[in-house]
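Reading through the structure tokens given below for one structure.
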Amino acid sequence: MVAASQGDVEAIQLVLSHFTGYIITLSTRLLFDEFGNPHVCVDEDLRRRLEAKLVSKLLLFDAM
């Protein structure tokens, strides 16, 4: 976390990969097709926004 908060790209990728499952769970939506059949899918726009928010808050994190 400290290295990621200091801008280390590899550390940021490690934090993102750690939270990937949670982010995907948060961005999963139930959609219905034209016949009314339900389909579960990941809202990619929401997933990217959540990842961007995590990175932005991570860079503001003060480890001290």
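Pairs please, first residue from the range 38-60 and more than 16 Å from residue 20 (Cα to Cα), second anywhere and among the β-branched types (Val, Ile, Thr), Cβ atoms under 9 Å, 6+ apart in sequence or on different chains.
Within 9 Å, the pairs are 40/28; 59/12.
In the range 16-60, how many are in a loop (DSSP other than H, G, I, E, B) and surrounded by 13 or more Cβ atoms within 10 Å (Cβ to Cβ)?
2
Every number in this text was worked out from the coordinates using simple rules, so none of it is lab data. What you see is a predicted model, and the numbers here were worked out from it, not measured in a lab. Reconstructed Cβ throughout: ideal geometry from the backbone, glycine too, with neighbour counts over all protein chains shown.
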